[in-house]
1. Quick one: what pairs do we get from the stretch A:227-250, first residue closer than 14 Å to B:Ile185 by Cα and of a type in the set (D, E, K, R), second at pLDDT 95 or above and loosely packed, with under 13 Cβ neighbours inside 10 Å, C-beta under 9 Å, 6+ apart or different chains?
2. Looking at B:Leu189, B:Leu216, B:Leu180 in this structure, which one is of a type in the set (A, V, I, L, M, F, W, C), surrounded by 15 or more Cβ atoms within 10 Å (Cβ to Cβ) and free of Cβ contacts under 8 Å to residues at least 24 places away in the same chain?
3. Can you name the residue in the stretch B:107-162 that is under 20 Å from B:Ala20 (Cβ atoms) and hydroxyl-bearing (Ser, Thr, Tyr) and, of all such residues, is surrounded by the most Cβ atoms within 10 Å (Cβ to Cβ)?
4. When the stretch A:22-41 is examined, which residues are found to be under 21 Å from A:Leu152 (Cα atoms) and of a type in the set (A, V, I, L, M)?
5. Out of B:Leu189, B:Leu199, I need the residue that is within 12 Å of another protein chain (Cβ to nearest Cβ) and outside any helix (DSSP H, G or I). Which one?
6. Out of A:Asp125, A:Asp215, report the one residue that is facing chain B (nearest Cβ under 10 Å) and either more than 16 Å from the chain's Cα centre (by Cα) or not polar (S, T, N, Q) (or both).
7. For the stretch A:101-117, what are the residues that are away from chain B (no Cβ under 14 Å) and touching a Cys at 6+ places or on another chain (Cβ under 9 Å)?
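The values are calculated or read from the model by the stated rules, or taken from the named source; none is laboratory data. Worth saying up front: this structure is predicted, and the values here are computed from it rather than measured. So basically every Cβ, Gly included, is an ideal-geometry build from the backbone, and we count neighbours across all protein chains shown.
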Number of protein chains: 2
Amino acid sequence: MKIGVYGLGRFGSFWAGAIAKNTPESEVVAYSRNEHPLPEGVKRASEEEVLSADMIFFCVAISSFEAVLERVSGRIKKGAIVMDTCSVKTYPAKWMQKYLKDDDVYLVATHPMFGPDSAKNGVKDLPLVLCPIEGENEAFIKVKELFSSWHLRVIVMSPTEHDLQAAYSQGVTHFVGRTLKKLGIESTLIGTKGFNSLLQIMEQTCNDPMQLFYDLQRYNPYTRKMRKELSNAFSYVDGQVEAVEEPEFE
Amino acid sequence: MKIGVYGLGRFGSFWAGAIAKNTPESEVVAYSRNEHPLPEGVKRASEEEVLSADMIFFCVAISSFEAVLERVSGRIKKGAIVMDTCSVKTYPAKWMQKYLKDDDVYLVATHPMFGPDSAKNGVKDLPLVLCPIEGENEAFIKVKELFSSWHLRVIVMSPTEHDLQAAYSQGVTHFVGRTLKKLGIESTLIGTKGFNSLLQIMEQTCNDPMQLFYDLQRYNPYTRKMRKELSNAFSYVDGQVEAVEEPEFE
């Protein structure tokens with residue numbers, strides 16, 4: 001089986017390497033506009049070759065995905081299983097259905113809930129979301145089996161359910177991480193365990209490209225509401241603290 | 001050596017138990033207004049008995065400490081080493097100096113940067129701040145040796161330096177924890193590692209009494225500025241996200 005990875009940014013490069021490592025019986029080919037270094041076990045290929053694979057993962061920025069789909073429409077191998085790995089699911093699933101509807105391919109939306117930082121010690125037991133946007137057909141079962149063989153924790157849900165849950169988990173985490181980075185907190189000798197953990201969250205979320213952060217917030221239909229609620233919670237807590245005058249020391 | 005603990009709330013109870021465990025050659029006596037359960041190795045005692053110990057730790061709410069000092073002033077054993085364990089240091093240090101100035105006692109301000117959650121697997125290598133408010137005298141050296149014998153990481157700094165660093169570490173952590181609790185984030189099957197860590201921070205900060213949270217924010221001279229900066233950082237990041245229109249899907 002030939003598996004193609006379209007896009008070799010921070011995530012795509014990690015993902016191509018993970019496929020090569022966890023599915024050694026497959027041939028992994030990857031295409032990227034830029035000359036990113038290749039992970040072990042992955043062969044650099046032309047766009048054509050990646051589009052002729054049996055399974056194709058699109059690992060492009062959420063905000064670029066629609067344009068990429070328009071570009072590749074009509075050029076993918078018949079019978080291929082086409083997947084995205086975007087951190088939001090509603091729009092990418094709709095885009096795949098819109099642009100590939102006349103292509104004779106199977107569509108599955110996926111979201112590996114991890115990346116190079118959180119999977120640095122392996123992918124075992126990490127969560128991966130699968131959205132059966134064309135139902136739980138033969139292709140879907142094949143994909144599910146592939147990821148189960150990696151010992152991932154495969155979770156099946158709709159794009160809407162994914163985005164709602166992700167807004168209040170991954171969306172909150174990245175927003176807090178970027179906010180703390182802007183505040184400029186730094187390691188201190190007197191850091192509590194909780195603070196050191198918060199620093200780590202900040203560092204890991206800020207290791208991801210800024211574009212991923214914006215896309216996560218902008219292309220998830222529920223994050224604006226989450227941010228508004230987070231802002232209200234902030235003001236509520238701040239108001240409670242300020243409700244009593246600060247002490248004065250003579 | 002007799003060590004007295006004044007106050008058996010969540011922290012005082014943990015602290016009395018930690019002393020008994022790590023300084024087994026001492027007699028640990030504790031006084032509390034309420035009938036809190038006693039940790040292992042700790043003897044319940046009257047207020048008088050605790051005030052007659054060789055070393056006395058005040059483990060009372062920051063906002064109660066001034067009234068407690070007024071109450072015990074003139075009643076502490078001569079030559080005793082008197083310490084507080086408050087999570088802020090500027091005010092408590094000044095209060096001890098004000099109310100105990102005519103008592104023939106030694107004063108050392110301390111802040112163990114951990115509690116029952118973060119020290120559940122022992123105190124080794126955890127940070128403890130000592131403020132030598134009367135200089136690094138004999139009593140200060142004795143206290144420093146005591147904590148070093150527990151294998152704590154003893155850090156010496158002024159109350160001002162402590163409060164400044166704590167505002168931007170412990171103060172931020174507790175504020176974020178309480179804000180996330182108010183937002184109502186919950187465990188989800190698709191939680192990333194970062195999100196699960198954030199949930200844990202929320203749970204641990206919210207295990208502490210609400211009074212500690214308010215006192216941490218209200219009695220640290222630098223937390224109001226920190227909260228204002230955190231609010232500005234939040235608005236900045238939110239503004240960047242909103243700067244581009246959300247995508248519309250036809």
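1. That search, which allows pairs on different chains as well, returns A:Glu229/B:Gly184.
2. Just one listed residue meets the conditions, B:Leu180.
3. B:Thr110
4. If the condition is that a residue be under 21 Å from A:Leu152 (Cα atoms) and of a type in the set (A, V, I, L, M), then A:Val28 is the only one that fits.
5. After ruling out the rest, the residue left standing is B:Leu189.
6. A:Asp215
7. A:Val108
Residue by residue, here is whether (1) more than 7 Å from chain A (Cβ to nearest Cβ); (2) hydrophobic (A, V, I, L, M, F, W, C); (3) in contact with a His (Cβ under 9 Å, 6 or more places away or on another chain) holds:
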{"site": "B:Phe140", "(1), (2), (3)": "yes, yes, no"}
{"site": "B:Ser149", "(1), (2), (3)": "yes, no, no"}
{"site": "B:Leu152", "(1), (2), (3)": "yes, yes, no"}
{"site": "B:Thr160", "(1), (2), (3)": "yes, no, no"}
{"site": "B:Gly171", "(1), (2), (3)": "yes, no, no"}
{"site": "B:Arg178", "(1), (2), (3)": "no, no, no"}
